[in-house]
Amino acid sequence: MTDVTTDAQKHLDQFHDLIQKLGVADPGFAGALMEFIKQAEKPGALTTKTKELISIALSVAARCPFCIAFHVKNAIAEGVTKKEILESCLVAGLMGGGPAVAYIRYAVDACDQFGAE
């Protein structure tokens, strides 16, 4: 059996590098993007924790390893447990089918790499 792992920190670093490069190329766009993220994730009727779980599920369904790493790390910072993350991933699998289920691997590895309890 082949040992399969993904590097969540690498994906997170690549995402942050992209944002930095966008900031140099077009500071207005990068600033607006970061503000959009901040506004979308701030607590309101839903907690930031809940929004991060939704973001993880959507990231898995969209098959975006960069998004998965970003939102798993943010979710852990909000106190989300590995079990909660995995349950959100199962909903993503329900909605996204087999390909989305395969991308749960990225979330599992991100949980392990970023220290989810």
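Here PHE66, PHE70 are screened, and the one residue that is buried (at least 22 other Cβ atoms within 10 Å of the Cβ), in a helix (DSSP H, G or I) and touching a Phe, Trp or Tyr at 6+ places or on another chain (Cβ under 9 Å) is PHE70.
Note on the range 73-86: among residues that are touching a residue at least 12 places away in the same chain (Cβ under 8 Å) and assigned to a helix (DSSP H, G or I), the one that is surrounded by the most Cβ atoms within 10 Å (Cβ to Cβ) is ALA75. Considering the range 35-63, the residues that are basic (Lys, Arg) and assigned to a helix (DSSP H, G or I) include one that is farthest from GLY93 (Cα to Cα), namely LYS38.
Restricting PHE70, PHE29, PHE15 to residues that are of a type in the set (Phe, Trp, Tyr) and more than 12 Å from the chain's Cα centre (by Cα) narrows the list to PHE29.
Bear in mind these aren't lab numbers, they're just calculated from the coordinates by the rules spelled out. Predicted model, so just to flag it, every value in this text is computed and none were measured. Every residue, glycine among them, receives a Cβ derived from its backbone with ideal geometry; neighbour counts consider all protein chains shown.
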